[in-house]
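Written below as structure tokens is the structure these notes are about.
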Amino acid sequence: MSFLVLDKLTKRYEQSVAVDSLSLAVERGEFIALLGPSGCGKTTTLQMIAGFVEPSAGRIVLDGKDLARTKPSQRGLGIVFQSYALFPHMTAAQNVAFGLQMRKLGAAEVERRVQEVLELVGLAGLAGRYPRRMSGGQQQRVALARALVIKPQILLLDEPLSNLDAKLREGMQIELRQIQRALGTTTVLVTHDQGEAMALADRIVVMNQGRAEQIGAPHQTYEWPATPFVADFLGKTNLLAGRVDARRQQLDIAGAHWMLTAEQRQALAQVASSRDDDAAAREMAVHVTLRPEKIRLLPAGMVALGPSIEAQVRTRIFQGNHWLYQVSALGQTLTVIAQNSGHTPPGEGEPVRLSWAAEDLRLRPAPAGVV
Ligand SMILES: Nc1ncnc2c1ncn2[C@@H]1O[C@H](COP(=O)(O)OP(=O)(O)OP(=O)(O)O)[C@@H](O)[C@H]1O
Ligand SMILES: [Mg+2]
């Protein structure tokens, strides 16, 4: 059995369902990110694991033990919230020591462990410093040290880096990842930042309205989003409405046609047969996603291998390592990311040709009934 199991975990409030039958199995040492937009139930899920919010239904099992009757203080969890809530009248070392003293450890043991963990988070030199005289990043490290010093069974992190500026945040992400790897502490991180989730987690749980839409490794989830919501939430994407003509084995988007790849044919055939619907077997509405960085921007009139279309540049924005384009094509506006190769790429108003590899069009059947 997995180390931490959430089994159909549910939290209902009078008006709404905050968490809706969420199931998840976390392995020992794994780093999980709960990712989703504001209000999707991330914090509520974490609070139920911590024991501060009581589930309406479902179970939480930690290391084989059902936690229903275990008080928060008995769960052996290290917790870091968005507001780090350090004690202002205590030094960094005293803040970190607090949890150990509550556990009635001897003074020598406390001192040794505090020293050890402050070194781990790179704060050995600031042990005697008060929080108000520390930067946001330093305070965040004290909060992390305070959570880690008790050697928690699970580390729960709720948007711990969201108060930091972009640069510091990136640095802390790398540190957090290294510390978590070094200690092997099973970790559940809550974030609405897809970049953070992808950078840190072994697996991401993409949440939408209290439900897990998809659970998977960052790369896999990004490349193979299970729903348009996941595709859109995990980075920029282009969403297109298409139709598949099964007899001709062809995909139609806004009047343009392409042959289906063998893989696409197979995936769609499975769905058609599972729907047991003759009409779907002949023609099916599909959602198509195409990532902006998978599209190549060529000069107009250039011959491309594989699928390609004419387009016109609407806007072009320079972003340092890449150019961000909005182009008119297929009756809508597509986003294209072109790496900065040093040459000046096509400008606004210019005609261009877009090309991509056939397999980069990710097809999903539109929900049944949608035409
Ligand atoms: N005590 C409560 N009483 C009633 N509704 C609540 C309560 N706590 C949370 N909710 C509702 O449950 C839903 C999920 O809230 P939650 O705090 O888990 O979201 P979140 O994903 O952490 O969002 P954010 O990214 O904004 O922190 C929201 O619609 C929220 O309004
Ligand atoms: Mg929250």
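The values are calculated or read from the model by the stated rules, or taken from the named source; none is laboratory data. As the structure is a prediction and not an experimental result, all values here were calculated from the model. Reconstructed Cβ throughout: ideal geometry from the backbone, glycine too, with neighbour counts over all protein chains shown. Heavy atoms of the whole protein, side chains included, go into the accessibility calculation; ligands, DNA and RNA do not. Shrake-Rupley method; radii C 1.70, N 1.55, O 1.52, S 1.80 Å.
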- The listed residue being open to solvent by 10 Å² or more (accessible area, probe 1.4 Å) and within 15 Å of ligand 1 (Cβ to nearest atom), out of 23, 73, 83: 83
- Query: Within the set of pairs 6+ apart or on separate chains, which have a first residue in segment 25-41 that is farther than 13 Å from residue 200 by Cα, a second that is within 9 Å of ligand 2 (Cβ to nearest atom) and open to solvent by 10 Å² or more (accessible area, probe 1.4 Å), and C-beta atoms under 6 Å apart?
  - Reply: 36/42
- Near pairs, Cβ below 6 angstrom, 6+ apart or cross-chain, from segment 338-363 (farther than 30 Å from residue 261 by Cα) to any residue that is part of a loop (DSSP other than H, G, I, E, B) and at pLDDT below 90: none
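Conditions (1) touching a strand residue (DSSP E or B) at 6+ places or on another chain (Cβ under 9 Å); (2) not acidic (Asp, Glu), marked per residue:
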residue	(1), (2)
119	no, no
128	no, yes
132	no, yes
186	yes, yes
190	yes, yes
215	yes, yes
218	yes, yes
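For residue 111, are the conditions met, namely being closer than 19 Å to residue 182 by Cα and open to solvent by 70 Å² or more (accessible area, probe 1.4 Å)? Spell out the reasoning first.
Details: closer than 19 Å to residue 182 by Cα: no; open to solvent by 70 Å² or more (accessible area, probe 1.4 Å): yes.
The answer is no for residue 111.
Okay, residues lined up against (1) assigned to a helix (DSSP H, G or I); (2) farther than 18 Å from residue 253 by Cβ:
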{"site": "265", "(1), (2)": "yes, no"}
{"site": "304", "(1), (2)": "no, no"}
{"site": "320", "(1), (2)": "no, yes"}
{"site": "328", "(1), (2)": "no, no"}
{"site": "344", "(1), (2)": "no, yes"}
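Let's see how each residue does on (1) within 15 Å of residue 359 (Cα to Cα); (2) of a type in the set (A, V, I, L, M); (3) assigned by TED's automatic domain parsing to the domain that holds residue 191; (4) under 18 Å from the mean Cα position of the chain (by Cα):
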site	(1), (2), (3), (4)
215	no, yes, yes, yes
225	yes, no, yes, yes
241	no, yes, no, no
245	no, no, no, no
248	no, no, no, no
251	yes, yes, no, no
254	no, yes, no, no
266	yes, no, no, no
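Can you pull out every residue in segment 28-55 that is among the charged types (D, E, K, R) and either near ligand 2 (Cβ under 9 Å from one of its atoms) or closer than 17 Å to residue 5 by Cβ (or both)?
The initial filter retains those residues of segment 28-55 that are among the charged types (D, E, K, R), namely 28, 30, 42, 54.
Listed by number, the residues that qualify are 28, 30, 42.
Could you tell me whether residue 17 is open to solvent by 50 Å² or more (accessible area, probe 1.4 Å), in contact (Cβ under 8 Å) with a residue 24 or more places away in the chain, of a type outside the set (D, E, K, R) and under 27 Å from residue 83 (Cα atoms)?
Numbers: open to solvent by 50 Å² or more (accessible area, probe 1.4 Å): yes; in contact (Cβ under 8 Å) with a residue 24 or more places away in the chain: yes; of a type outside the set (D, E, K, R): yes; under 27 Å from residue 83 (Cα atoms): yes.
Taking the combined requirement at face value, the residue satisfies it.
Of everything in segment 33-50, what is touching a strand residue (DSSP E or B) at 6+ places or on another chain (Cβ under 8 Å) and not in a strand (DSSP E or B)? Give them in sequence order.
Looking only at segment 33-50, we keep the residues that are touching a strand residue (DSSP E or B) at 6+ places or on another chain (Cβ under 8 Å), and these are 33-37, 40-46, 48-50.
Residues satisfying the conditions are 36, 37, 40, 41, 42, 43, 44, 45, 46, 48, 49, 50.
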- Task: Out of the residues in segment 89-102 that are farther than 26 Å from residue 191 by Cβ and modelled with pLDDT of 95 or more, state the one that is most open to solvent (accessible area, probe 1.4 Å).
- Result: 89
